[in-house]
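Just so you know, all these numbers are worked out from the coordinates, no wet-lab data involved. Since this is a predicted model, take the numbers as computed values, not measurements. Cβ coordinates were reconstructed from backbone atoms using ideal geometry, including for glycine residues, and neighbour counts include every protein chain displayed.
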Amino acid sequence: MGERFSSYFFAGEWEWRPGIPEELGRLDTICFVRQWQSQDFDQVLAQKTTHAWTGRISGESAGYVCVQFIPPELEILRLGVIPEFRNQGLARKILKELESWARTVGGETIFLEVHETNHPARRLYAGRGFQEVKIRKGYYTNPPGNALLLRKTLG
Ligand SMILES: CC(C)(COP(=O)(O)OP(=O)(O)OC[C@H]1O[C@@H](n2cnc3c(N)ncnc32)[C@H](O)[C@@H]1OP(=O)(O)O)[C@@H](O)C(=O)NCCC(=O)NCCS
């Protein structure tokens, strides 16, 4: 029996496995306004430096992350949880999985950009110890806004 994931609303077997472009594209389309399709994941995952995983609960794909790893730095390119699984600690779990993997491959720092109005994401990253290092003014166009560059140093 594998690891369990449980929250107030659901519980089930947790599976963490390498992401497949088709599945990643489907999840990304649900999670983002400016979406990556499966062909986009095909292209980025063709690079040796790019990695992606999906998290499943009882066989249902619930969230994913896609990163670029150029040792010792990781950059989170995409991270999402589909709406019916949100606000139950799943993105936190995904970040923990990512950080564990990063430590095993010599990752020292994780970076990402987040829209300044994306409060769920900002709260998620703040809770996992990410800190704001820079503001990129006018970085986003859809919807328009500034990007915050966040960084976490892995202990
Ligand atoms: C951001 C996102 C990944 C969060 O996923 P999630 O599984 O709901 O997050 P979690 O349940 O693990 O919650 C993590 C923290 O965010 C907070 N949070 C989650 N949803 C929230 C909301 N709608 N409003 C405010 N805070 C919220 C939680 O309370 C929790 O805070 P805590 O650690 O202080 O308790 C999800 O909302 C999502 O996929 N959004 C669309 C894609 C996106 O914006 N990705 C991030 C791009 S950088």
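Regarding ILE70, is this residue hydrophobic (A, V, I, L, M, F, W, C), under 21 Å from TYR125 (Cβ atoms) and surrounded by fewer than 17 Cβ atoms within 10 Å (Cβ to Cβ)?
Against the criterion (hydrophobic (A, V, I, L, M, F, W, C), under 21 Å from TYR125 (Cβ atoms) and surrounded by fewer than 17 Cβ atoms within 10 Å (Cβ to Cβ)), ILE70 qualifies.
Can you list residue pairs whose Cβ atoms sit under 8 Å apart, with the first residue in segment 111-123 being among the acidic types (Asp, Glu) and the second being assigned to a helix (DSSP H, G or I) and more than 6 Å from the ligand (Cβ to nearest atom)? Count only pairs 6 or more apart in sequence or on different chains.
Close Cβ pairs satisfying both conditions: GLU116/ARG122.
Please specify each residue of segment 124-151 satisfying the condition of being touching a strand residue (DSSP E or B) at 6+ places or on another chain (Cβ under 7 Å), touching a residue at least 24 places away in the same chain (Cβ under 8 Å) and either among the hydrophobic types (A, V, I, L, M, F, W, C) or on the phi > 0 side of the Ramachandran plot (or both).
GLY145, ALA147, LEU148, LEU149, LEU150
Counting only residues that are basic (Lys, Arg), without any contact (Cβ under 8 Å) to a residue 24 or more places away in the chain and farther than 23 Å from GLY107 by Cβ, how many does segment 4-57 have?
1
Could you grab the pairs with beta carbons closer than 7 Å, sequence gap of 6+ or different chains, first residue in segment 62-81 and under 21 Å from SER38 (Cβ atoms), second one among the small types (Gly, Ala, Ser) and not in a strand (DSSP E or B)?
GLY63/ALA91; TYR64/GLY19; CYS66/GLY19; LEU79/ALA91; VAL81/ALA91
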